[in-house]
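Some notes on the structure that comes next.
The values are calculated or read from the model by the stated rules, or taken from the named source; none is laboratory data. All figures in this text were calculated on a predicted structure; none of them were measured in a lab. When we count neighbours, we look across all protein chains shown, and the Cβ atoms used for this are built from the backbone with ideal geometry, even at glycine.
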Amino acid sequence: MDCDTNIVGHFYDKYDTKNPIERKLTAGFLQAVSKLYEKVGPQTVLEVGCGEGILAD
């Protein structure tokens, strides 16, 4: 692959994997972020576009 190639896109759906370990890790991460959000109680949230948008839903 050329070093100037810019790969953009979503190549693997970690939120819909059949791997039980990966599902557990991903669910744990989402749960931890949700708990932090509830604990802090922000009035606004800034989405900076660094992910798939799952947390912004």
Which one of the conditions (1) outside any loop (DSSP other than H, G, I, E, B); (2) in contact with a Ser or Thr (Cβ under 8 Å, 6 or more places away or on another chain) does Tyr15 fail to meet, given that it meets all the rest?
(1)
Would you check which residues across the range 34-57 are at pLDDT below 85 and either outside any loop (DSSP other than H, G, I, E, B) or at negative phi (or both) and list them?
Val45, Leu46, Glu47, Val48, Cys50, Gly51, Glu52, Ile54, Leu55, Ala56, Asp57
Looking only at the range 18-33, how many residues end up being surrounded by fewer than 10 Cβ atoms within 10 Å (Cβ to Cβ) and in a loop (DSSP other than H, G, I, E, B)?
1
